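Below: one structure, written as structure tokens.
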Amino acid sequence: MSFTIIVFLLMWLFQILFLEKFYTHSKIRDVDDAATRILNSFEIDSSAEFSRKMAEIASENDLCIEVVDRYGRSLYTKEFSVDCLIHGKENSIYFYQKKITDNYNKPIWLKVPNPHNNYSMVLFGCALGDTENPSGYLFINTALVPVGSTVTIIKRQLLFITFILIVFAFIISLFVSKRIARPIDRITSAAENLAKGDFNTKFDGKGYLEVKQLAEALTYAEKELSRVDTMQRDLIANVSHDLRTPLTMLKAYAEMIRDLSGDNPVKRNEHLEIIINETDRLSLMVNDILDLSKLESGRQKLEPSEFEISSKLSEIIGRFKGISEKMGYSIHFIPDEKCIVFCDVVKIEQVIYNLINNAINYTGADKQVFIRQINSPDGVVIEVEDTGDGIESEKIKLIFDKYYRSENHKREVVGTGLGLSIVKAVLKLHGYDYGVRSVLGKGSVFWFRISSNNVKNIHNREKNVDKNCQ
């Protein structure tokens, strides 16, 4: 409505208040343009061509034109009005010619009321050729027709048009505003249901493109919120389950020590050992939950440093020597040329440790685990392979989810179920590629790549050899 009112205000200003000034300015500009064309033609065209052009200009612009020599004798004339100032009465040309000469042959502009009617007349006069010694004079005359009656007619038309269009604008405004507001109202109502926890809310995006895009964004947000809510429930359920068992055992064995084995050193030590193991398990679980929470919230910051990857892998594998000898596992390390990498050593250690621990949990009856370092132009690839039953292709995408455990295992799995989720979070924080290759019945290979931007070769540095690392 505001836009409509502004449009009509402009129309009334220009069509009613400023119409006469605009009309006068336009006529004066037409006279000026005609004079310029006539002067140019006078200098370069022949007499016949000049006469033709002057007639054409007079006809196009409704002008009276007179060209006289220096003595006031007519050379070319075109008359379109009986009330013309330059043709209206005898000796009028000499009167206006004298005004030019008195003005030192400079052009003159006159606005003169016509004595025979209410019109005002605009007269232009100028010298032809050299102003010091002109060869003749040009006079142009045109009538300024009163626009009062025209303004009255336009005013009546504008009144009708203004009334009709304001009514239409009001109706269209109501229609458009309702059309715009209706889908927004629907989405607002649906968003209120979502805020109350209803994750089955449907966002109707019918209406127009922006509302459709908003509905799609809210639908995506709803799915993510639903997924987070499900993950939160699963996390609480799993943590509660995992905490309940060791807490129950801690209480049970503590009561046994109090009631039964307090005076029996052998039994007491056995029960205390179980309590210590369960406490370690609780501590490991809490630490994993805290680590994963920090990684996923973005509060965990990287502290990169340089270290040699082959030595670090050997060091980590050495930590598993005790469990290997005790439980009969064989961990094979296949190194490549030495390379310096630049990343967070503590977090990468955690990744490698979790992958090896996962391989030990799920390797086959032969209890073989293979760790490879593969240098390439793209960086350093670390692979951890087990010889277990493998993972179904449709379940590979779930393997890094919290608390997901493959059903293809035959022994008790040691861990909190968060190891691979921590691996995923750390590698994403570094921006490294990672993945799983698995064949049912033959085992799985978990791998990640330390980017070439974070690797430099130190093998044969004195010979400037750089074969496998960049």
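The values are calculated or read from the model by the stated rules, or taken from the named source; none is laboratory data. The shown structure was predicted, so the numbers you read here are calculated from the model rather than taken from an experiment. Ideal geometry is used to build each Cβ from the backbone, glycine not excepted, and the neighbour counts take in all protein chains shown. Ligands, DNA and RNA are stripped out before the accessible areas are found, and what is left, the full protein with its side chains, is counted by its heavy atoms. Shrake-Rupley method; radii C 1.70, N 1.55, O 1.52, S 1.80 Å.
The residue that is farthest from the chain's Cα centre (by Cα), among those in the range 170-200 that are open to solvent by 80 Å² or more (accessible area, probe 1.4 Å), under 28 Å from R227 (Cβ atoms) and not basic (K, R), is N200.
Scanning the range 201-220 for residues that are in contact (Cβ under 8 Å) with a residue 24 or more places away in the chain and either part of a helix (DSSP H, G or I) or surrounded by 13 or more Cβ atoms within 10 Å (Cβ to Cβ) (or both) gives G207, V211, L214, A215, L218.
The number of residues in the range 146-165 being surrounded by 14 or more Cβ atoms within 10 Å (Cβ to Cβ), modelled with pLDDT of 75 or more and more than 11 Å from I16 (Cβ to Cβ) comes to 2. Just to be sure I understand, how many residues within the range 255-274 are surrounded by 14 or more Cβ atoms within 10 Å (Cβ to Cβ) and modelled with pLDDT of 75 or more? Within the range 255-274, residues that are surrounded by 14 or more Cβ atoms within 10 Å (Cβ to Cβ) and modelled with pLDDT of 75 or more number 8. Looking at the range 95-107, is at least one residue in a helix (DSSP H, G or I) and of a type in the set (A, V, I, L, M, F, W, C)? Yes, there is a match, as at least one residue in the range 95-107 is in a helix (DSSP H, G or I) and of a type in the set (A, V, I, L, M, F, W, C). Among the residues of the range 337-367, which ones are within 22 Å of L302 (Cβ to Cβ), open to solvent by 40 Å² or more (accessible area, probe 1.4 Å) and modelled with pLDDT under 90? Result: V346, Q350, Y353.
Name the residue, out of F80, F8, F22, F50, that is modelled with pLDDT of 85 or more and either among the aromatic types (F, W, Y) or closer than 30 Å to F163 by Cα (or both). The match here is F50. Any residue at all in the range 325-336 that's acidic (D, E), over 22 Å from D291 (Cβ atoms), at pLDDT 90 or above and open to solvent by 40 Å² or more (accessible area, probe 1.4 Å)? Yes; the residues of the range 325-336 include at least one that is acidic (D, E), over 22 Å from D291 (Cβ atoms), at pLDDT 90 or above and open to solvent by 40 Å² or more (accessible area, probe 1.4 Å). With respect to F370, is the statement that it is touching a Pro at 6+ places or on another chain (Cβ under 6 Å), at pLDDT 90 or above and open to solvent by 50 Å² or more (accessible area, probe 1.4 Å) true? Against the criterion (touching a Pro at 6+ places or on another chain (Cβ under 6 Å), at pLDDT 90 or above and open to solvent by 50 Å² or more (accessible area, probe 1.4 Å)), F370 does not qualify. Just the residues that are among the charged types (D, E, K, R), open to solvent by 80 Å² or more (accessible area, probe 1.4 Å) and either under 24 Å from R52 (Cβ atoms) or without any contact (Cβ under 8 Å) to a residue 60 or more places away in the chain (or both), please, taken from the range 13-32. Of everything in the range 13-32, those that are among the charged types (D, E, K, R), open to solvent by 80 Å² or more (accessible area, probe 1.4 Å) and either under 24 Å from R52 (Cβ atoms) or without any contact (Cβ under 8 Å) to a residue 60 or more places away in the chain (or both) turn out to be K21, R29.
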